[in-house]
Amino acid sequence: MVTVNRNYLKLQGSYLFSNIAGKVNAYQEVNPENKIIRLGIGDVTQPLAPSIIEALHKAVEEMAHAETFHGYAPDLGYEFLRNTIAENDYRERGCEIMPDEIFISDGAKSDSGNIQEIFGTDNKVAVCDPVYPVYVDTNVMAGRSGEYNTSRENFDGMIYMPCREENGFLPEFPKEIPDLIYLCFPNNPTGSAITKEQLQRWVDYANKNGSVIIYDAAYEAYISRKEVPHSIYECKGAQTCAIELRSFSKNAGFTGVRLGFTVVPKALERDGVSLHSLWARRHGTKFNGAPYIVQRAGEAVYSPQGKAELKDQIAYYMRNAGVIREGLKAAGYSVSGGVDAPYIWMKTPQSMSSWEFFDYLLEKANVVGTPGSGFGAQGEGYFRLTAFGTYENTLEAIDRIGKL
Ligand code: MLT
């Protein structure tokens, strides 16, 4: 008799952003004339930068001729891209990461969901609360949790590190020592950032206790303050305790193009085994490489022209972040984030629950955001807005919210 992976049955409802899309579509169907402004999912709105488009066209043209055609990409990614990443994202920041420690993928969502596969199912997992749901759900699917606890509104057997206003939305060391620690900075969803000194403490903690940090740095391009590190490898000793996930979605608008990478240093070993060799084995077996044309587009992100264009694109989104932050403050809301991150985290007014505020904003202002409780129990009473809309829509959304 066929049995199913019953761990999936522990999951609650559907994936957060699918759930929101369903609700918004249902509202739009009944109210087709209303102009809805979507500041919910962190999806970009600006077109790809000209240098990236140029690289795509050139690569497509290469695919049209036998002499320059490319079939399967190398398992771990093309050397031209891995060399460029090692140089620009790491060596230039003083991090000794070698090209063969970089694994090119189709994006950080897949990597953040897949990375847990190389660890035993008996590992104890710690996550921030609120948290990007993929880290939790994929560990639940793999069997690293107990049942969903309806009174605590989270899963038994997982370690949750509350990130609230009281602790500046930063996790504290948990009472029980975890094996795997997921950290995301600049943070999704709270928009908080961690300084190098604060992150160094986590690196020291992980090395001392034999834990592994899975560090999601998808939003590093939005960092504005000098004391905030762009990579965990800026901290001493991170190569023996940390895996880093990076994305081209947020820094270069690749949400619909798909490209990312994971860094697994060769010095990182646990249980007497090199995690680099396990991830290489997994990647080689289950993944056939990001498309050549997309990897060429990724390379263009690091060209002088690409860098200049993307600096402007990030400034565009961060201007939106300022509009949201300051507009909401002026309207009397309590807000944080939006300084080193494209997310603004606000408290819901008049003790509304996160989902009550979602409905209220959708119906009264036709603005879509993301309910904080969708990211975890500690997100209840909070709400997330993204800076990835167009400038005009962002202005209009904040104007509508201000008038409520
Ligand atoms: C978000 O809105 O949290 C992100 O866009 C989701 C993602 O990057 O997968």
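Values as computed for the structure displayed
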item	result
Filter result for the condition that a residue is free of Cβ contacts under 8 Å to residues at least 12 places away in the same chain and either of a type in the set (D, E, K, R) or open to solvent by 10 Å² or more (accessible area, probe 1.4 Å) (or both), over 221, 308, 267, 280	308
Given (1) of a type outside the set (Gly, Ala, Ser); (2) modelled with pLDDT of 95 or more; (3) not in a helix (DSSP H, G or I), index of the condition residue 404 fails	(2)
Output for segment 224-233, where each listed residue is closer than 21 Å to residue 342 by Cβ, of a type outside the set (S, T, N, Q) and touching a residue at least 12 places away in the same chain (Cβ under 8 Å)	225, 227, 228, 229, 230, 232
Tally of residues being under 20 Å from residue 356 (Cβ atoms) and touching a residue at least 24 places away in the same chain (Cβ under 8 Å) across segment 11-27	8
Options 333, 317, 360; residue that is more than 16 Å from the ligand (Cβ to nearest atom), part of a helix (DSSP H, G or I) and assigned by TED's automatic domain parsing to the domain that holds residue 388	360
Subset tally (residues that are surrounded by fewer than 20 Cβ atoms within 10 Å (Cβ to Cβ) and of a type in the set (A, V, I, L, M)) for segment 70-88	1
Any hit, segment 207-215, residues being aliphatic (A, V, I, L, M) and open to solvent by 10 Å² or more (accessible area, probe 1.4 Å)	no
Among the candidates 380, 392, residue that is surrounded by fewer than 19 Cβ atoms within 10 Å (Cβ to Cβ), within 20 Å of residue 131 (Cα to Cα) and not hydrophobic (A, V, I, L, M, F, W, C)	380
Selection from segment 118-140 of residues that are over 14 Å from the mean Cα position of the chain (by Cα) and either under 26 Å from residue 382 (Cβ atoms) or surrounded by fewer than 16 Cβ atoms within 10 Å (Cβ to Cβ) (or both)	120, 121, 122, 125, 126, 129, 137, 138, 139, 140
Meets criteria (surrounded by 10 or more Cβ atoms within 10 Å (Cβ to Cβ) and away from the ligand (no atom under 16 Å from the Cβ)) for residue 67	no
Test: residue 105 is closer than 30 Å to residue 339 by Cβ, surrounded by 23 or more Cβ atoms within 10 Å (Cβ to Cβ) and under 22 Å from the mean Cα position of the chain (by Cα)	yes
Residue in segment 222-232 that is at pLDDT 95 or above, β-branched (Val, Ile, Thr) and farther than 22 Å from residue 345 by Cα present	yes
Enumeration of residues in segment 223-264 that are hydroxyl-bearing (Ser, Thr, Tyr) and either within 16 Å of the ligand (Cβ to nearest atom) or in the same structural domain as residue 387 (by TED's automatic domain parsing) (or both)	247, 249, 255, 262
Failed item, numbered, when residue 340 is tested on (1) in contact with a Ser or Thr (Cβ under 6 Å, 6 or more places away or on another chain); (2) assigned to a loop (DSSP other than H, G, I, E, B); (3) more than 30 Å from residue 402 (Cβ to Cβ)	(3)
Matching residues, segment 183-219, being of a type outside the set (A, V, I, L, M, F, W, C) and within 14 Å of the ligand (Cβ to nearest atom)	186, 187, 188, 189, 190, 191, 216, 219
Tally, over segment 1-48, of residues that are among the β-branched types (Val, Ile, Thr), within 15 Å of the ligand (Cβ to nearest atom) and open to solvent by 40 Å² or more (accessible area, probe 1.4 Å)	2
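The values are calculated or read from the model by the stated rules, or taken from the named source; none is laboratory data. Note that this is a predicted model, so its numbers are computed, not measured. Note that each Cβ is placed from the backbone with ideal geometry, even for glycine, and that neighbours are counted across all protein chains shown. To get the accessible areas, we keep the full protein, side chains included, count just its heavy atoms, and leave off ligands, DNA and RNA. Shrake-Rupley method; radii C 1.70, N 1.55, O 1.52, S 1.80 Å.
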